[in-house]
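The values are calculated or read from the model by the stated rules, or taken from the named source; none is laboratory data. These numbers were taken from a predicted model, which means no experiment stands behind them. Cβ sites come from the backbone with ideal geometry, for glycine too, and all protein chains shown count toward neighbours. Heads up: the accessible areas ignore ligands, DNA and RNA and are worked out on the full protein's heavy atoms, side chains in. Shrake-Rupley method; radii C 1.70, N 1.55, O 1.52, S 1.80 Å.
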Amino acid sequence: MCEYTPREIILAAGGVPVCLCGGALETIPDAERFLPANLCPLIKSTFGYHVQRSKSLSRMADLVVAETTCDGKKKMYELMSESRAMHILELPQKSDQADALDYWTGEVRKFKKALETRFGQPITDDGLRAAIRLMNRERGLRRRLAEFMALDRPPLTGRQLLDLKSLISGIEADLDQYELLLGMFERGWAAPGSPLDRSGGPSPIRVLMTGVPMVHGVERVIDLVEAAGAVVVAQENCTGIKPILEDIDPDAADPVRAVAEKYYHLPARS
């Protein structure tokens, strides 16, 4: 349900990590039968899929992993847990305290144990190190794609860059396509409609997008900005650069602790 979930632990257990945050307006009215109308649309949209029991990714999931990022989500998890298999990751509420990282590391260890018990798949240190290397590769490739937005005329738009982010993490075929695309950009190719593809005229106004994540269904926010002639060159949020700025040492003595540290640092990465 959030970037705090350690994808590496899921991959090491033989699972497929899929982001389940909803952005469809159509599911919100059903959610408001159970949740206060003044909750944020992301929560209501996500819960609406659950209420409708639609053939969504959330219905196909073997386990929903949820993080206690806000009170609204906590209420949603309480209702979802009545009929769904869930694991709750309790985030430290006072991250500046000396034992906060130890607390969070304990939550990650409990998550690892929960996956091993539920699916009968031991998570070995070697398996976790392999998953770390895979996610490091994904983060590195996404950083390289984002770096092209620093050019005066980037080879793609902010919306095109957002569309490159898969809902599913750690798919080797996706990463191979990232490699191919990066090679094309390095040879001077530009995506149709990108600033580099447009001929003549001044460089477009450059915009930094921050705030809530741009989940699938709310991309129109970026579309409005770019339809006005600007280009979103950086997205400082959970669907942008925030989760990809830090890698994990695959050779750390305690790989679980190393994973926990990366996700613990997430709020400060901006």
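What to note about this one:
- Within segment 29-46, the residues that satisfy the criterion of being part of a helix (DSSP H, G or I) and either closer than 17 Å to Met214 by Cα or polar (S, T, N, Q) (or both) are Pro41, Leu42, Ile43, Lys44, Ser45, Thr46.
- Pairs, first open to solvent by 100 Å² or more (accessible area, probe 1.4 Å) in segment 189-217, second among the charged types (D, E, K, R) and at pLDDT 90 or above, C-beta under 8 Å, six or more apart: Leu208/Glu236
- Test result for Tyr49, open to solvent by 30 Å² or more (accessible area, probe 1.4 Å), in contact with a Leu (Cβ under 9 Å, 6 or more places away or on another chain), among the hydroxyl-bearing types (Ser, Thr, Tyr) and under 27 Å from Trp104 (Cα atoms): no
- If you go through segment 88-98 and keep only what is surrounded by fewer than 16 Cβ atoms within 10 Å (Cβ to Cβ) and modelled with pLDDT of 95 or more, you end up with just Glu90.
- Within segment 11-35, residues that are at negative phi reach partners that are crowded, with 19+ Cβ neighbours inside 10 Å and not in a helix (DSSP H, G or I) with beta carbons closer than 6 Å, at six or more positions or on different chains, in the pairs Leu11/Gly170; Ala12/Ile123; Ala13/Ile123; Pro17/Ser169; Leu20/Met1; Cys21/Val215; Gly23/Val215; Gly23/Val218.
- Tally, over segment 117-127, of residues that are outside any loop (DSSP other than H, G, I, E, B) and either surrounded by fewer than 16 Cβ atoms within 10 Å (Cβ to Cβ) or without any contact (Cβ under 8 Å) to a residue 40 or more places away in the chain (or both): 5
- Filter result for Ile132 (closer than 16 Å to Ala13 by Cβ and in a helix (DSSP H, G or I)): yes
- Being part of a helix (DSSP H, G or I) and open to solvent by less than 60 Å² (accessible area, probe 1.4 Å) is a property that Leu101 has.
- The helices (runs of 4 or more DSSP H) found entirely in segment 150-263 that carry 1 or more residues being among the β-branched types (Val, Ile, Thr) are 220-227.
- When segment 53-72 is filtered for residues that are among the polar types (S, T, N, Q) and either modelled with pLDDT of 90 or more or in contact with a strand residue (DSSP E or B) (Cβ under 6 Å, 6 or more places away or on another chain) (or both), the ones remaining, listed by number, are Thr68, Thr69.
- Some residue of segment 167-186 being of a type outside the set (Asp, Glu), touching a Gly at 6+ places or on another chain (Cβ under 8 Å) and closer than 22 Å to Pro267 by Cβ: no
- Restricting segment 10-19 to residues that are touching a strand residue (DSSP E or B) at 6+ places or on another chain (Cβ under 9 Å) and either surrounded by 21 or more Cβ atoms within 10 Å (Cβ to Cβ) or not aliphatic (A, V, I, L, M) (or both), the residue that is modelled with the lowest pLDDT: Cys19
- Pairs where the first residue, in segment 243-265, is under 19 Å from Ala100 (Cβ atoms) and the second is surrounded by fewer than 17 Cβ atoms within 10 Å (Cβ to Cβ) and hydroxyl-bearing (Ser, Thr, Tyr), C-beta under 9 Å, 6+ apart: Tyr264/Ser95
- Looking only at segment 218-270, and only at residues there that are over 23 Å from Gly22 (Cα atoms) and β-branched (Val, Ile, Thr), the one that is most open to solvent (accessible area, probe 1.4 Å): Val233
- Being at pLDDT 95 or above, farther than 28 Å from Gln235 by Cα, surrounded by fewer than 20 Cβ atoms within 10 Å (Cβ to Cβ) and not hydroxyl-bearing (Ser, Thr, Tyr) is a property that Ala130 has.
- On the stretch given as segment 133-159, residues that are open to solvent by 30 Å² or more (accessible area, probe 1.4 Å) and acidic (Asp, Glu) total 2.
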